There are 4 protein chains.
Amino acid sequence: MLNIAVAGLGRMGKRHVATLLNRVTRARVVAACSMAPHETEWARANKDYIDFGIKVYDSYEDMLNHPGLQAVWISTSTDVHASQTIKAVEKGLHVLCEKPLSTDLNEVSAAIAAAKSRPDLKVMAGFSRRFDASYRDAYQKVKSNIIGDAYLVRSNTCDLLDETGFFVAYAKRNGGIFVDCTIHDIDLALWFMDSPAPKSCFAVGTLKHHPELAESNDVDNGVGVVEFYGGKIAYFHASRTQAHGHDVCTDISGTQGKVMVNVIPKANNVVVADKTGMRHEVQPEYWQRFEDAFATEAQEFVTSVLEGKEVPVPLESGFLVMKIGRALQESLLTGKVVKFDEQGRRIDE
Amino acid sequence: MLNIAVAGLGRMGKRHVATLLNRVTRARVVAACSMAPHETEWARANKDYIDFGIKVYDSYEDMLNHPGLQAVWISTSTDVHASQTIKAVEKGLHVLCEKPLSTDLNEVSAAIAAAKSRPDLKVMAGFSRRFDASYRDAYQKVKSNIIGDAYLVRSNTCDLLDETGFFVAYAKRNGGIFVDCTIHDIDLALWFMDSPAPKSCFAVGTLKHHPELAESNDVDNGVGVVEFYGGKIAYFHASRTQAHGHDVCTDISGTQGKVMVNVIPKANNVVVADKTGMRHEVQPEYWQRFEDAFATEAQEFVTSVLEGKEVPVPLESGFLVMKIGRALQESLLTGKVVKFDEQGRRIDE
Amino acid sequence: MLNIAVAGLGRMGKRHVATLLNRVTRARVVAACSMAPHETEWARANKDYIDFGIKVYDSYEDMLNHPGLQAVWISTSTDVHASQTIKAVEKGLHVLCEKPLSTDLNEVSAAIAAAKSRPDLKVMAGFSRRFDASYRDAYQKVKSNIIGDAYLVRSNTCDLLDETGFFVAYAKRNGGIFVDCTIHDIDLALWFMDSPAPKSCFAVGTLKHHPELAESNDVDNGVGVVEFYGGKIAYFHASRTQAHGHDVCTDISGTQGKVMVNVIPKANNVVVADKTGMRHEVQPEYWQRFEDAFATEAQEFVTSVLEGKEVPVPLESGFLVMKIGRALQESLLTGKVVKFDEQGRRIDE
Amino acid sequence: MLNIAVAGLGRMGKRHVATLLNRVTRARVVAACSMAPHETEWARANKDYIDFGIKVYDSYEDMLNHPGLQAVWISTSTDVHASQTIKAVEKGLHVLCEKPLSTDLNEVSAAIAAAKSRPDLKVMAGFSRRFDASYRDAYQKVKSNIIGDAYLVRSNTCDLLDETGFFVAYAKRNGGIFVDCTIHDIDLALWFMDSPAPKSCFAVGTLKHHPELAESNDVDNGVGVVEFYGGKIAYFHASRTQAHGHDVCTDISGTQGKVMVNVIPKANNVVVADKTGMRHEVQPEYWQRFEDAFATEAQEFVTSVLEGKEVPVPLESGFLVMKIGRALQESLLTGKVVKFDEQGRRIDE
């Protein structure tokens, strides 16, 4: 059994606690923390937290000192991911850190360096899509060469329009749409095409529902293109404004065929036929789409610690992803192409 | 060029004239007839009929004497199909007769005998689905053995609910739902499974929207099962009451696989994603689904006459189809299984 | 926490133990049993059984005496379901019994009577499909009246062809295809249409891959029709011989529309486009299709016991289902329609 | 009846003759021409050309003098489209000119000016997709405002890999992939979004199967992005190398929803279920996808001439399309963003 704590009790932190309780047999949730009083109050009054003896802390640092603690799942806001990862590593704890590691590349590097300094610890990046059954099946198919050489990836992360204000409040610190949303798609593109070196990045965007994002130099819909050395290409659409649900799809084109993931999103197997024709519903948000992936992610992290295996997604895989995400975000702002040489150095024209 | 006339100027007759004008280059429509004054008046005032010199008759018999006439497309009501076919054959005319040939098996036999007596004439049964590109592709696939031995057919003919009263007015003389609708499905089952001999027929039904059909011993939804000698089975659903459109589908199961035709009906390639999810429309009636099939049917009939080829669907193929359709309709009424021996004789238990 | 034991360590029994360990937080698996030495040996050597202290018994009766045991999940062969349910109830244990309760209607009645004699115990029938997210969504939609009055159900249970011999070995005691497979579809039809009284049952079948089933008067493909009082109809296709996977679908037709469940089965969200066109895979068996449903079933059973709620599927719901399943199986053998009056008494003509 | 001639007897020219003969009742094909002897020989020996008295010319100019000629359908190679259009207009003939009008913007302007100088003549641009039933339905839906304000279009033109060498031979004079393929997608984007002014164009590409295209500065796969003034965006994927067929799809995103056209291409309504799962075929080339659209295009052109109506796609609609196509092709070569001010003037940074 692995003694694990969850940092952050926002929407996802609560879900991670539930996942660990209900889907990860060999993990024991011993602690959780939040700096938001309404979250800690909620947790302290919650039957599950009481029954399973989960100690709720107001401070991340205090939680790290919980007796017997072995691992932390960091699910706080992006701006503290890197520093919290470093602190946990310094305490000798295993870490599963939610994406993105940081919006600052230097912080990303520092966290990666910290992890490398402690090879005895398992430090994993939380790119949840890599644990989704469909993406894994697609990956196996691509790696078994059924589509030849994979050279082009299209990948979208399009969220249901949030009319509650939750998203906009949260948007200020997320690094922009290409860092917050497209980062998953970039990770997938690199995963499916064997991490080619980026050559040029270009992006455009628009504001259709959330004009207030202009203040933080962001958009609510963006389209980005990445050209890689070696004749590979990725392109992305990220949106905050979908009417129909959470629409995340990926096409991987190869020289002999194409593998498509979730091109027609469906909430379940139900179709209704009535006067309007035939219709099906779509998942409202990524949780319904990726709930099982989060469970698999947690199970595999726990197994990698308990059985001393490699983590499925090493922390350093987050570096190139973030570099491309930030280049797209920069291009969105400047209207210019961001270029790199083959060694990854910026080319300023 | 083939000089052809169309008998009947109801909904389908008008469409057949248009098909011949617009889609059958080597046919010349020289005449049409109807006993309904509002139909002949409409035709005589119609620009196409005037421009292309289509003579409009009030009597079928008069039309048969039209100078130079070579062929007739019979699209009148079912109760005169057989007698009109016989009359045309007696005049030495080629015939394309809409299904069903008759609701009376003796009439069917008489028409087939008439056709056989004139092997120089092309006399064809109008089972339009056999000319549909998808059904033909399915047929080629089944015949090329990709699903092994075809042993089970499910086939549905489910019409959009007609709230205009048109259908009910028309229903009195159509022989019942299994004769009027399911006849297409029976034809397909026999076609795909090489015309096995029926062993038993059973059907049930219900009245959900058209209670007035009870007077003519009919239902607005029926389910029928046919067991054939040789371990083959067909089953059918016919409906007059669909909310979403014209839903006609067929599955052909074989020992090594299954071929499915139109299991998810779609009016076109358009999908709308909005707050209700994702939806597509469905064809409102069989014309939108089978318009191209009717054009192919007409083209092939004309070609078979002009080039002296076999007709693609000989008239006699309508006999066994009707026998099964009537057995299902009988079972619907009596609640009993209608059984046949291997020679096709009724077995009364 | 509920102390629960699993009876039977065949394919499904092992899965149920795993489900309870990994998906049901508030259950503690304390014991399991099997009369098959290779199964008990396997379990005694299994890391999970050892780590979680699951006591493995060679006898069901001995297991019932396990100290502190509160509930039993019966996953043995059908012929002992009823007697084991009765024994557990007599010991004062809560029971979740896999379908079908028995192939003998008297045994079914006896088990139901036993359950009724102990209203303090939760005794539940394991109709797993009722716990599937899609079927539940369909049920909510039907009950919220979006398709009007539900009057017709089509439901199929079509299994992947088993070439290992496992199925045939197991088939001898399962009561026949309409009892073993179609029972789920009958349950769904009754659920969606509010348990109408059956009026007539008719079935036909064929043997395409497993001729040895003829010995036990069974078929490997069957089609059955049930007419209910009140103008409702259900029809079914059961197959043991599918090439493409486990294909279970259900259409519920109502006066204003239709709800369709899993009409195009898909293993996941992946589509491959290559020289053959576009394709997706299908689940190989019901486990992949219904794994989550089994977890929900277990969770709800445990919750109903711990919180003293009604069980979601009372044991008596298995009676009418079995009566119809056996009538279809009888019709398959005799070629005759099996009829009932509105009180459920057989009408012999 | 309209006397019409077809210029060009290559693959498409022959199809246009057949379309006019078989699908356009009120057109009479009186002449055709080609400068390729094997094409004129083929035509002179062809039964249809003989039967219907189609005069076959070796010279376009000679054909224009055909007695009684009223209209020309120009289906030659792109480099002569503009000059042939001008010559026909000068002869007082109506013109339907295949896309693109030219790869040279000055030539495009000259042809448009010629057409404007003769307002009595119908001069139409052949953007065939605008005549496709699905695109028209999508257009009606967008214009009826069911998705709110349309602000983003994704559109792909992806061709089946041509292994015959036909495509490469033809590629030298087509202006590049964004001019030859994407031009349709650009036209659709402008059509659906009300012709917004382009602001910036960026494109990348790769060579995967046809390295010989490098000589003509072209690629076999390209991705392009166009940002428009007013917060609108379009992005495109063009490919010559698909394994599965002709895959042309378009998504139109609006503030309240999305309309999708042909996202899952299907050759017909047939699905095969076998050991590989479930699959359907895809149209091999654009002809199978757009055959009906070409018929509608021809019918509407003929009707516009005979009835003196506006042509559905005026020639000048080709100008902005080509300007964007050429900007994308330029960006592909230079790696730079091509920018325009709101009046359409190039901005050189």
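The values are calculated or read from the model by the stated rules, or taken from the named source; none is laboratory data. It should be emphasised that the depicted structure is a prediction, and the values quoted were computed from it without experimental measurement. Every residue, glycine as well, gets a Cβ built from its backbone with ideal geometry; the counts of neighbours run over all protein chains shown.
From the list D:Ser109, D:Ser117, D:Ser155, which residue is polar (S, T, N, Q), on the phi < 0 side of the Ramachandran plot and assigned by TED's automatic domain parsing to the domain that holds D:Pro196? Quick ask: steps written out before the conclusion?
Working: D:Ser109 fails: assigned by TED's automatic domain parsing to the domain that holds D:Pro196; D:Ser117 fails: assigned by TED's automatic domain parsing to the domain that holds D:Pro196.
Just one listed residue meets the conditions, D:Ser155.
Among A:Ile233, A:Ile252, which is the only one that is assigned by TED's automatic domain parsing to the domain that holds A:Ala171 and more than 20 Å from the chain's Cα centre (by Cα)? Steps first, please.
Working: A:Ile252 fails: more than 20 Å from the chain's Cα centre (by Cα).
Every option except A:Ile233 fails the conditions.
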* Only one of these is in the same structural domain as D:His246 (by TED's automatic domain parsing) and closer than 21 Å to D:Phe294 by Cβ: D:Ile186, D:Ile177. Name it. => D:Ile186
* How many residues are part of a helix (DSSP H, G or I) and touching a residue at least 24 places away in the same chain (Cβ under 8 Å) when one looks only at region A:117-143? -> 12
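Would you point out the residue of region A:212-254, among those that are away from chain B (no Cβ under 14 Å) and polar (S, T, N, Q), that is nearest to B:Thr276 (Cα to Cα)?
Residues of region A:212-254 away from chain B (no Cβ under 14 Å): A:212-236, A:238, A:240, A:250-254.
With polar (S, T, N, Q) added as a condition, the list becomes A:216-217, A:221, A:250, A:253.
Numbers: A:Ser216: 32, A:Asn217: 32, A:Asn221: 21, A:Thr250: 23, A:Ser253: 31 Å.
Out of the qualifying residues, it is A:Asn221.
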* To do: Identify all residues within region B:8-52 that are more than 25 Å from D:Thr19 (Cα to Cα), within 22 Å of the chain's Cα centre (by Cα) and small (Gly, Ala, Ser); write none if there are none.
  => B:Gly8, B:Gly10, B:Ala32, B:Ser34
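Yes or no, residue by residue, for (1) among the basic types (Lys, Arg); (2) at pLDDT 95 or above; (3) over 19 Å from C:Gly175 (Cα atoms):
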site	(1), (2), (3)
C:Ile86	no, yes, yes
C:Val89	no, yes, yes
C:Val95	no, yes, yes
C:Lys99	yes, no, no
C:Ser102	no, no, no
C:Leu105	no, no, no
C:Ala113	no, yes, yes
C:Arg118	yes, yes, yes
C:Val123	no, yes, yes
* Structure fact -> region D:148-251: helices (runs of 4 or more DSSP H) wholly inside it with 1 or more residues that are under 24 Å from A:His209 (Cα atoms) and in contact with a Phe, Trp or Tyr (Cβ under 9 Å, 6 or more places away or on another chain) are D:182-192
* To do: Say whether the condition of being surrounded by 21 or more Cβ atoms within 10 Å (Cβ to Cβ) and within 14 Å of chain C (Cβ to nearest Cβ) is met by at least one residue in region A:169-191.
  => yes
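Can you find even one residue in region A:90-106 that is touching a residue at least 24 places away in the same chain (Cβ under 8 Å), in contact with a Phe, Trp or Tyr (Cβ under 9 Å, 6 or more places away or on another chain) and either under 29 Å from D:Ser239 (Cα atoms) or among the acidic types (Asp, Glu) (or both)?
Residues of region A:90-106 touching a residue at least 24 places away in the same chain (Cβ under 8 Å): A:90-103, A:105.
Applying the additional criterion that residues be in contact with a Phe, Trp or Tyr (Cβ under 9 Å, 6 or more places away or on another chain) yields A:94-99, A:101, A:105.
Then keep just the ones that are either under 29 Å from D:Ser239 (Cα atoms) or among the acidic types (Asp, Glu) (or both); that gives A:98.
Among the residues of region A:90-106, at least one is touching a residue at least 24 places away in the same chain (Cβ under 8 Å), in contact with a Phe, Trp or Tyr (Cβ under 9 Å, 6 or more places away or on another chain) and either under 29 Å from D:Ser239 (Cα atoms) or among the acidic types (Asp, Glu) (or both), which makes the answer yes.
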* **In region C:255-272, residue surrounded by the most Cβ atoms within 10 Å (Cβ to Cβ) [restricted to those that are under 21 Å from the mean Cα position of the chain (by Cα), at the interface with another protein chain (Cβ under 7 Å from one of its Cβ atoms) and assigned to a loop (DSSP other than H, G, I, E, B)]** => C:Asn262
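Just to be sure, is A:Lys122 under 20 Å from A:Lys309 (Cα atoms) and surrounded by 22 or more Cβ atoms within 10 Å (Cβ to Cβ)?
Values: under 20 Å from A:Lys309 (Cα atoms): yes; surrounded by 22 or more Cβ atoms within 10 Å (Cβ to Cβ): yes.
Criteria met by A:Lys122.
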* Structure fact -> D:Ala327: passes all of (1) part of a loop (DSSP other than H, G, I, E, B); (2) surrounded by 23 or more Cβ atoms within 10 Å (Cβ to Cβ); (3) in contact with a Phe, Trp or Tyr (Cβ under 9 Å, 6 or more places away or on another chain) but (1)
* Write out, first by first residue and then by second, each pair whose Cβ atoms fall under 8 Å of each other, whose residues are 6+ apart or on separate chains, and whose first residue, in region A:310-328, is in the same structural domain as A:Thr296 (by TED's automatic domain parsing) and within 18 Å of A:Thr296 (Cα to Cα) while the second is assigned to a loop (DSSP other than H, G, I, E, B) and modelled with pLDDT of 95 or more. => A:Val311/A:Lys122; A:Val313/A:Phe127
* Residue check, B:Ala110 assigned to a helix (DSSP H, G or I), in contact (Cβ under 8 Å) with a residue 24 or more places away in the chain and out of contact with any Leu (no Cβ under 9 Å at 6 or more places or on another chain) -> yes
* Asked: Of the residues that sit in region C:282-320 and are crowded, with 21+ Cβ neighbours inside 10 Å and among the charged types (D, E, K, R), which one is farthest from the other protein chains (Cβ to nearest Cβ)?
  -> C:Glu297
* To do: Give me a count of the residues in region B:188-220 that are under 20 Å from B:Asp247 (Cβ atoms) and without any contact (Cβ under 8 Å) to a residue 40 or more places away in the chain.
  => 3
* Can you tell me which residue in region C:200-211 is farthest from the other protein chains (Cβ to nearest Cβ), limited to those that are surrounded by 14 or more Cβ atoms within 10 Å (Cβ to Cβ) and more than 26 Å from C:Ala234 (Cα to Cα)? -> C:His210
* Members of region C:222-231 that are in contact (Cβ under 8 Å) with a residue 40 or more places away in the chain and crowded, with 24+ Cβ neighbours inside 10 Å -> C:Gly222, C:Gly224, C:Val226
